[in-house]
Structures are given as C-alpha cells and as structure tokens.
1. Restricting to segment A:324-363, give me the number of residues that are in contact with a Lys or Arg (Cβ under 6 Å, 6 or more places away or on another chain) and within 14 Å of chain C (Cβ to nearest Cβ).
2. Based on this model, can you work out whether B:Ala154 counts as buried (at least 24 other Cβ atoms within 10 Å of the Cβ) and out of contact with any Ser or Thr (no Cβ under 9 Å at 6 or more places or on another chain)?
3. On the basis of being touching a Ser or Thr at 6+ places or on another chain (Cβ under 8 Å) and open to solvent by less than 30 Å² (accessible area, probe 1.4 Å), does A:Ala193 make the cut?
4. Go over the candidates A:Gln266, A:Gln328 one by one and state the one that is of a type in the set (S, T, N, Q), open to solvent by 30 Å² or more (accessible area, probe 1.4 Å) and modelled with pLDDT under 95.
5. Considering only residues that are within 7 Å of chain B (Cβ to nearest Cβ), assigned to a strand (DSSP E or B) and in contact with a helix residue (DSSP H, G or I) (Cβ under 8 Å, 6 or more places away or on another chain), look in segment A:271-292 and name the one that is nearest to B:Val338 (Cα to Cα).
6. Any idea which of (1) over 25 Å from D:Asp165 (Cβ atoms); (2) without any contact (Cβ under 8 Å) to a residue 12 or more places away in the chain is the one D:Ala258 doesn't satisfy?
7. Scan segment A:31-45 for residues that are surrounded by fewer than 20 Cβ atoms within 10 Å (Cβ to Cβ), of a type outside the set (D, E, K, R) and in contact (Cβ under 8 Å) with a residue 24 or more places away in the chain and jot them down.
Number of protein chains: 4
Amino acid sequence: MSSLYGKKLKISIFGQSHSPAIGVNIDGLPAGYALDMDELRTFLMRRAPGQSELTTARVEDDMPDILSGLVNGVTCGAPLAAIIRNKDARSADYREVRDIPRPSHADYVAHVKYGGHQDVAGGGHFSGRLTAPLCVAGGICLQILHTLGVEIGAHILRIGNGAEDEAFDAVGVSTADFAVLRNHPLPVLRREAAEAMRLAILHAKESGDSVGGVVECAAIGLPAGLGDPMFDGIENRIAGIVFGIPAVKGVEFGSGFAGAECMGSQNNDSFYMNSGGIKTRTNHSGGILGGITNGMPVLFRAAFKPTPSIALAQESVSLSRGEDAVLQINGRHDPCVVPRAVPCVEAAAAIALYDAYLDAAGC
Amino acid sequence: MSSLYGKKLKISIFGQSHSPAIGVNIDGLPAGYALDMDELRTFLMRRAPGQSELTTARVEDDMPDILSGLVNGVTCGAPLAAIIRNKDARSADYREVRDIPRPSHADYVAHVKYGGHQDVAGGGHFSGRLTAPLCVAGGICLQILHTLGVEIGAHILRIGNGAEDEAFDAVGVSTADFAVLRNHPLPVLRREAAEAMRLAILHAKESGDSVGGVVECAAIGLPAGLGDPMFDGIENRIAGIVFGIPAVKGVEFGSGFAGAECMGSQNNDSFYMNSGGIKTRTNHSGGILGGITNGMPVLFRAAFKPTPSIALAQESVSLSRGEDAVLQINGRHDPCVVPRAVPCVEAAAAIALYDAYLDAAGC
Amino acid sequence: MSSLYGKKLKISIFGQSHSPAIGVNIDGLPAGYALDMDELRTFLMRRAPGQSELTTARVEDDMPDILSGLVNGVTCGAPLAAIIRNKDARSADYREVRDIPRPSHADYVAHVKYGGHQDVAGGGHFSGRLTAPLCVAGGICLQILHTLGVEIGAHILRIGNGAEDEAFDAVGVSTADFAVLRNHPLPVLRREAAEAMRLAILHAKESGDSVGGVVECAAIGLPAGLGDPMFDGIENRIAGIVFGIPAVKGVEFGSGFAGAECMGSQNNDSFYMNSGGIKTRTNHSGGILGGITNGMPVLFRAAFKPTPSIALAQESVSLSRGEDAVLQINGRHDPCVVPRAVPCVEAAAAIALYDAYLDAAGC
Amino acid sequence: MSSLYGKKLKISIFGQSHSPAIGVNIDGLPAGYALDMDELRTFLMRRAPGQSELTTARVEDDMPDILSGLVNGVTCGAPLAAIIRNKDARSADYREVRDIPRPSHADYVAHVKYGGHQDVAGGGHFSGRLTAPLCVAGGICLQILHTLGVEIGAHILRIGNGAEDEAFDAVGVSTADFAVLRNHPLPVLRREAAEAMRLAILHAKESGDSVGGVVECAAIGLPAGLGDPMFDGIENRIAGIVFGIPAVKGVEFGSGFAGAECMGSQNNDSFYMNSGGIKTRTNHSGGILGGITNGMPVLFRAAFKPTPSIALAQESVSLSRGEDAVLQINGRHDPCVVPRAVPCVEAAAAIALYDAYLDAAGC
C-alpha cells in the first residue's frame, strides 16, 4: 500500500513522472455536486510549472481528463477518476541516476525497496508531478467545501532564512485574505515579502542551488465537532496527507513548536460568548482540541526542505561499482518548490477536512 | 472511528480516565515472541505518575493484566489484549467541568461532538491516562524490535524557552546514548540540562502554571526499505500515531523546520561507501527519503504544548447559562507532561516502525 | 490482521477458549444510547451453553464486564470494551491435540501459521467461544437498531437432511415472528419442526457424531439506500462477518442458490406502489439490489457444517512423528452448534447492518 | 466507499457503463514482474461480449491501456492503473429507466441513494461492464500467482435447473482440468453438459427471458497458512470480492450448503501423510479451516441470479408519477451472464488469494 488516503473519501493516486499518464480515483464523493471545470483549471494552473522565472521550464498542460463519476458535469455517486497525460517526452536526463542516486532524493531507497525495478525517470512515482492528481482531488473538495461554507487558503510564510511573510491572524483570518493570495505567483499577505522571496529563489537558481521554506494554511467556516480522539484527530488526518507531499519534513498546528516554549497561562485559549456562539480569544490550538475542531480557524504550517535537485556537483555512490562517485544533475528543476506547493497544501487540507466532514456525519 | 492505529499491527485502545479499566487490543502480533514482563513493567514505570515532585500526585499501579494472546508468556498469534484497572477513585473534581469547559482541553469539543454524553471525569477518553495502554503496546513492540536489532530512544530536548539539551548525533546516535537516558526521571544527554529543566518545571508548578517542551526520538538499526511513497511513508505513519498523544502540536523529521531555512547544498545528505554499505555523511533527512527508510537513524521531534490544566483562574463560558464564566481547576495535574511523555513517544515510534516492518515483509 | 470488522463501527475481538478472558472493543458507537443490561444478558443467554440436553456441558457465565464507553449506563462516544472471564478451568483434554490435529478443525492450520506457538487449548482463538464477545457487540447493536425501527430475527431452517422449518415470509416477515422465535431453545416458525430437530441432534449425540444445519435471518425496517456498489455491498458486508462465525461454509441472500435455477421472469421482483411507498411483490432479491437495501426485508441464510468435534475415532496424523495416527476426542462438545448459532447470526447481521447504517449517513 | 478491495493489494475500480472510460488502479503490486500482455488479452477475451449467439451484441474492444506502474513491461512498485475506453456510443435506450426502474436491477436503489443524480445509462457503475477492470486486475494476479505455483480455474456447474456439469474433483483437480476449460465459450468439464447449457440459454433468449446458474472455482498450489481467523479468513476475503460481481447472490465453500445436511463423520476430512506432506482424504472443507488454507485445493461456488434484464413486459412504478407502470426493455443484454462470469470469478479469486498471499508474508 502507499498512495491511498481517506476514510470516507478514498483518494487513490497513480502514475510516474514519465508514465503514459498520471491520475487519481476518488471513491466516495456524494452525488449531486456540479463541478465547475473552469474553476478547477484555474486552481490547477496555480500548481502548473513553466509560468515564471522561478519554476522549472518543463511545460505541462496539467488539465485533467475526467473519465468517470460525472453525469452532465454533476457527480453521480460513482467513483470519479481523472487522468493527465504526460506529454513532455521522456529524456535521457535520468540515465545516470539509475546508477548514482541523487542525494536526498528517493532514488536510493526506491532501488532498495523495488530491487532495481523502480522507474528512475523523473523520480518515478516519487516525483512532485504526482501532486497534480492530488490537486485535482483537492480542487474538487475545495469546491464542495465552499458550498458548505468552508474556505481554505495558504500562503508562503518563509523562504530560506530571511524572507518572511506575516502569519495569518489566527482568530480573524478571512476569505478576503485568501482572495488576495490567489492572484500572485508568490502568494503572501505582505506584498514586500514577495520581493525578498523572489530574490532568495533567484539567488538559489543562479547559484545552481535550491532553497526551502514554510507554507501556512488556514481553513475557516468549519463546524465544531469534526475529527476524533487519538489516531483519527484532525492533526493526524492532516499530517497523514500533508507528509505525502514530497519535501515536507515538518507539520505543526496552531502555536506548534513555538507553543512548546510557552507557559500554559500564555498558550491556553480562553473561551467567551460571541453573538450566542462560543469562541476563543486566541487560537494557539489552531482550531483543534483533542483532535476535534472547535469552530475556530484550523491553522497549520508545513516545512519544505530545499529541493534536493541542485546543479552543483555532489558526492554520491555508484550502485554498480560499489564505490564513491560524483554526481552532476542536468535536468530541469525548480530552485524552490514552495510557491507551487501552496495549492498542494490547500488541496491536501481540503481532502483531509472534507473526508473528516463526511466521516463525522451521523456520529 | 478514532482509537485504532496500524496496517498489519492493529492497535485498538479503550478506556476513560475514570472508567473501570483502560486497555488495548493488539491484533497482528506474530507468534513465538517470549515477552519479558519485568522489562515491560520497567518500561511502564517510566510513564507512571507519582514518582517525583515533578508529576501529578495521582498514584496509579499501571501494571497491565494480559487477558489473551499469550501461551506460557509467548505470543500465540491471537490478539493480545491487556487492561489496567483504574483504582484511584472517582472524585468530584470534575463536576464543574461539565458546565464550564477548561480552556484548551477537549471538554468543549467533546460536549459538541457527543451531545453532552461525554465522560467529563478526568477528561474521559481524551485523558493522558490513555497513553498507558499505548505504552503497553509500544513496550511489547520495543521488545520485538530489539530482537530484530532495532533500538529506540528519546530524550527531552527542551522545556519551555530556556532549558535545552543537546540534540542526538544524527549520524552517530547509539544504544549507549539510550542506556544513559533510561536511568533518569528527566532523560537528557547533557546532565546539566536536567537541572535547568527541573527548575523550569518547579517554577511552573509553584506559579500554578504549566510549561511545554519538545521530545526528540531516534530509532537505530532499521533496514533501508521500510515505508511507502505518498501517504504511507514513515513520516505519515509516525505522525499518524504521535499526534495521538495528547498535547502534541507539531512533528518534524530530520532537520525539519530548521532545514526549511537552508539551501539544498547545505541540507542534502551525501552518500558514501562505508564498509561495503551505503551511508550518508549527514542525516538532515532523519533517515527517511520519499517516505522510506534509508538505513540511517530515523530522527524526529514532537512539540508538546504546556498542559492546559493550570491552577490559575481562567476565562471560560458556562454551557448551561450561555454566558462568560471564570474557571478555577483544583485537580491533581502535571505541571509539565513532557518527562512522562518521553516513553510515550518511544512507544508510539515503536508501534509505527514495527507495523511498517511487518508491512514491508514480502513486498 | 484478523479479528477486526467494520468501517464506521470497529469491532475488535480478542481472547482464546482458555485465556484469562475473552472480549471485544467497539470503537465508533455514537454517544447517547442507554444500554439495557438486562436485555443484553437475556440475549447472551440464548447463546450460552449448558442450558439443555442439546448443548455442551461446559458451564459458563457469559455475562460481560463493561470496562469503558459508558457513563451511567449511557454510551459516551468513547470505545466500549467488554470482557468475559474464562472461569471453567483449563483441562488436560487438549494435550493430545497439539500433536494430532483434529480433522476439519483449525488445529493443523494454526500449527502451520503460528509455527507451533498457537494456543491449542479448546481451539484457542478459533473456538466458538469467541462468538460470545461477538454477541456482546451484536446485542448492543440490536438495541440501537431497535430505536431506529430496525428488528432482526433468525431461526433454524434445517438440521441435517430431514428436519426442516418453513422459511420466513420474504415480504411479510414481522416482529411477531421474531417474538415467537426468541422463546424457544430450538427457534423455529413451525413448532413441529423443533421436535424433528431435537431428535436429529440427540441422534447425533448418542452416536458420538454431530450434525450441521442452516440458519435463516431477516432484518426488517431498514431504509432503502444502505450499502454501496461492488465491494461494500450489504451482501459483502454481511458475508464478511458471518463467515467469521466458526463452521459457516455458505451464505446466500434472497433466493440464493435456488434463484440461480430460475428464469429472470420468475426471479425478478416487480415494483408496485403501496400507500405511497415503493415495494416489491416478491423478494427474491433478499432486500438487496446492487449491494444496496431496497426497503424490503433483508434475508439471508448461513450454512453451518456439522461441528468437527465428534467422539468417534478419526484418522489423522502425528505432527511430531510424521505418520498417520488415530484420534479419539474426549472433550465436551455440542453435537450441533446450530441452535446456539442463531443469536450469533443475529448479532453478526446487527453489527453489519448498523455499521452500514452509520456508513450511509451523510452520503 | 464502495469499489475498493484488498489489504495489501488495493484494487480501486472506477467507471460507468457509458462514461468515457472504465478502469482500475492496483496499489501494492510487488516490483519485478514482467507482464505478458498477450496472455492478459487472451484472458480478457474470455469475458468480452459479442463473441457468440449466447451473449449481448454490444461490441467492445476491452483491451486495456496501461497508464502507469510498468517500466518496459515490468512492474516497478508504483500503482498500476489501466483504463478501457467506452467506444460503443451512448444510446437512448435508457431514457425510460430514469423514471421506471427495472425490476431487480439497481436503478431504484441508486435513485434513492444518489438522489436522482445516478448515471442511469447502462446501469452506470452497477453495470456488469465494470467486471472488465476487475478482470484486468485479476488477470495480472493470475500471472503472478502462476509464477508462485498457484493456478486458478472455473467452470459452469449449472445453468438453470437442468443443465449440469460434474463438479471438480475436490482433492484431485489439476491444471489439466483448467486447460480444457479455457478453450470453450461454455467452459465445462463434461462436454455434453455444454450442449444442454447452450440450449437452456438459447431458450431463454428466444423467450425474451433470462436464466441463472452456478460457477464453481478451484485454486491449486496454495501453501497452507494463508488467511486469518474470524473476519479475515479466506472465506470472508473471497466472499468479500465475489459478491462484488453483479448478480452473485450466494457463495459456498467446499461442501457448503450440502455439507450442512451431513453428519460430522461424513463431512470431516481425515488427515494422512502423503510423501512426507500432510493431506486430507476428502476436501469437504474446500481447502479452508478456521479461515486458513490447509494446502488442499480451495473450492467455492457462486450462485448467479438470472440477469434481471429481460425483454418481457414487467410491472414497475413511475418514480415521477408515483404510480404503477409497465416496463418494456429494448436494450442489448445477455440472456445469461454465467458464461462470461466464469473468468470474472477466476479474477476475483486471484485477487483475493494473491492479496492473502502478500498479507501472510512475514507473519
């Protein structure tokens, strides 16, 4: 097992970077939702490469071909499968990788796990390209969540160790914030942060290097009561899908690691009555208590390591010769995956939260 | 669903803080392992309360009664169930909590989710007490992993914002490190750190407050090839269980959030040949690439929020009256859950990794 | 994995015939249901042995000790665990079985699968005794289903090849039928059938032999729309649990194998309007179309093989000597498991259908 | 959830009778198996329609397009997805069905479950056409099982109430039997049975009616020890997938319902030593004891109801008018699905058994 996610909504992803197609099957979508294909395409374009100087030059038309699950554009209760053909032809770029694994890529572990039969081209099933079908599924969930009054948005909180955006307002984050973010290739709340980030990424690119960063995501409009104690909590569910996005090495909710430095009197969120409803004055919990939503915005951050594909020469080993070797990668790569990862994080959150929403029904 | 974990090894936890008993059923343990009950008891004593000035005064004999799954102390292939009776009598401490939810506890969300039928005594199923059966299951997994050459250890990396231990040596962490840790109520690598932590916890206790912290965990001796791409990666699996420990709000692997501030050339782990085997010179990946172990130590950190139970007066609401209210908690509570959480993190890691080990067999 | 069942309601069963206890953990029960313990005991007594000349002489007090999941007798949303202590002491009856497996019992396959570490006493985890915790879970589901207007009943359709009851009226089966059945040790619709069955069982008992039979089960009051296409259909779900009852070797729905001999014009169930609702004039479908309930009674039959425990000498092999051997069993056994299996089938159906009910919510 | 099956091998099926494509994603296939596409096509042709006077006239080229999971025809460890385009254009045949559900079809329950949004064309996701991707997955499993020494074959045991083949030799069924079966459109062991079956089917066709039947399936070469007790037994696993084939209403193993009429002394299978191995002299158990294979052939039978699509006028209701109505179906349909179901049963068995094989590894 590997590429399945969900309890009520079963997401099953397939494909390799250079296989004939990549795709997703979504089992468990309720019937009766009209999909807005234009909106889905717009969402997917935010992830698509080749749009600016900051991303890989690989040109892809990531628009999905929906094979099933719809009748006249409306979900019919049957599994919805969508595929995206891989059009950009297989290159010889990856021949050397079969013998000399790229540091901090999955080449070596795939070689061990699959006994040399793994698809090395473009990283195979481990490629960031597999986030395209994730975004198809997530984009559909976002549309359905919207009809339920739930909105999800994300922004780049940090690139490298200098360029930093301000954080979401943990209690007041709103759709207005999200609307602003979606119009920019470097989605940030504070416009000046974007320029610092752009420079940090270009600097990495020009150095033949790469740089990491952090994405912050918020979901608003969720009812209290979603999620379950212990292993099916909202934290477990979100982490369970977000760690499926390549390069994610950390996930934290609410005040997260910073909260661990606090006293309880600082980190606790006081309850108060607000227009008849119960709210908290702060939101260090990130909207989740005991694994369950409390009606406040759900807030989390995902740490992305710098993409391991760099142009600089690196030390590695030759698997065939059993000796040290030097590797020089000549493919097309993003110097920073974080900008394109923003919609992926939104998609992952949408899938996890909509699945939790369906799972909470009737219980 | 809620309190089940695992793919090949199914851990099913039950009980409330004040129910007749708490326990765990472990389905999928291979037959033929002789359990060392003394060793299990020693492990569980590390989590037990009432052992020092730093923990709750609640006295518990957390020794489990194993009901099934053994024949003459050896696993027989049938599910292994163990229970721990709750002996410390139900108090009236929690009566007020039914009406006035404790800030940052699960009281309010449980009220919403379970329509007022939740067990409020001691936090019910959300209590940290439920980590006792988790440790029973984890303690058993630790013993079996030991026979497979795998060892797991954890220490307190930080308490609050001052008291900090040194991190594990990411490439060289060894059983010698773990042996040292297990002999101390405040398990740290650098003895001086313990005193600073003790003072930080006592300060919180005396202020009627609480304090958070970070636990770091390492697993050594794992073969390369455990885990799967995307949603069944080792990160997903470990996060999926560690977020089930109450108060955990962040999980990071390897260089984690700090790695997100780096350049690829800094964060990548070079491969090299070592006595015929392949190793990496650094271990910013935390032993995991593409969700799969690479044979280096698996390393992760979990952020624990300060326990929300504090003696200071707090703002909350009265659910019955629909108005703001002030809450003063008079129960017995740990000023810091982190010391007792250390074996819980080891237990969680042991369950996740042994499950991944079984899951990788034959594939 | 082995002894877990369910999608929304996770039933996890543990214990061996002679382990300290047997039990069940039920994860996913909605909060707010008051359990009637007397009714549960009455239900469990229908499965208990030692009540007549027709069953094993083993005396058990199968009344469960509920460890968690309740507050003042009302479900609280936390997992409900219940155990039954095994009081009847371990005998030496099974010593020979370790070496000479009983024909058509699980002794041999358990030996192979668990490498000789299996619990041979009383069949270990394969014992029919494990249906006691199944009945605890099922008895609870029956009570909840009752509040939803759903009733389940079963009767002995056939013992051996002569003694036969009439079948349920496929369209008109009612609670009145069920009420009659529950008052008899040999639950049948036609009283005369009971005497023939009694004689068939006594004949088997006196011959040192055993005899098989068929149980028919009906569920009424189910709404249309439960279940899912393909692998989560009601047939799959019911078969998936009923085949977990020891000795079941066949399951059929509606007209089943007999329907396979028919023409479509005979077997199809015509729809008609009835007081504003849609019904079918016949019910050869057993209330299930495309895996989904259609609002008519759900009807199925389970075939039980004759219990393999017979007093007659049988041919087997000695595992230690690797040669043919003769086996003579001297334990206490039911000459026919079918009468005690009736409540087990009801319990299994209740679990499967209540799980399907919860699973259908919100979709 | 609905169209997913498996524990280690996750089969996820999608598509509707008239959607752009149907397909399957297979997650968990081990790496390193070279697929023989010609053999797969040969297998799929056994299910394809339009080959004789006995099947629907719908012409389909059911050859799959494999989108992922292979590198140069060898499994690479990534999920293997395959699709089949639906070329035979959407007709107006099904317009009436939206309002007047076909008796004993899923039209009505789909209407209730999906609120009128279901795909009515050709039965949508409930169509027998979805067995094509099931056969793709099963055909691949058959090839891999072959390399493990496991062979699976099936034949028509009965059509209607007269035309009957002889049963498999429960202890001696062999690959020679299977070889014979695969060469005939009506696979039977006794050639004369085929002619009686042909006449029974043609009679149904000419009467505008349909007829049911029974398929018997055997798997040989399986090691002892596959499967688990209680709910993950081989019976549960096989029933769990076979009931996913449309029209299956009964499944029995070994002596099944007939065995329920026997005495234990008749039905028990004696063990004996045979060339150093342990075998049973009879095989009333169908190769399964306690849910676990015992090394003898696994044998089961599936009862298929007569296909509900008949040309005769039938009573139904008008959903829009809420009154009784008469339905006359004019589509293209098989008068008997059983011949084409034979490879589907083999495919289902292959998936269930290979999944059990993988699941047993390492335990």
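The values are calculated or read from the model by the stated rules, or taken from the named source; none is laboratory data. The shown structure was predicted, so the numbers you read here are calculated from the model rather than taken from an experiment. Heads up, the Cβs are rebuilt from the backbone with ideal geometry, glycines too, and the neighbour counts pull from every protein chain shown. The protein model used for the area step is the full one, side chains on, heavy atoms only, and it has no ligands, DNA or RNA in it. Shrake-Rupley method; radii C 1.70, N 1.55, O 1.52, S 1.80 Å.
1. Residues in segment A:324-363 being in contact with a Lys or Arg (Cβ under 6 Å, 6 or more places away or on another chain) and within 14 Å of chain C (Cβ to nearest Cβ): 4 in total.
2. Spelling it out, B:Ala154 is indeed buried (at least 24 other Cβ atoms within 10 Å of the Cβ) and out of contact with any Ser or Thr (no Cβ under 9 Å at 6 or more places or on another chain).
3. No; evaluated as a whole, the condition is false for this residue.
4. A:Gln328
5. Of everything passing the filter in segment A:271-292, A:Leu289 is nearest to B:Val338 (Cα to Cα).
6. Failing condition for D:Ala258: (1).
7. Of everything in segment A:31-45, those that are surrounded by fewer than 20 Cβ atoms within 10 Å (Cβ to Cβ), of a type outside the set (D, E, K, R) and in contact (Cβ under 8 Å) with a residue 24 or more places away in the chain turn out to be A:Gly32, A:Tyr33, A:Ala34, A:Leu35, A:Met37.
Let's see how each residue does on (1) farther than 26 Å from C:Ser318 by Cα; (2) open to solvent by 10 Å² or more (accessible area, probe 1.4 Å); (3) facing chain D (nearest Cβ under 9 Å); (4) without any contact (Cβ under 8 Å) to a residue 40 or more places away in the chain:
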| position | (1), (2), (3), (4) |
| --- | --- |
| C:His105 | no, yes, yes, no |
| C:Val109 | no, no, yes, yes |
| C:Gly116 | no, yes, no, yes |
| C:Asp119 | no, yes, no, no |
| C:Phe126 | no, yes, yes, no |
| C:Leu130 | yes, no, yes, no |
| C:Pro133 | yes, no, no, no |
| C:Ala137 | yes, no, no, no |
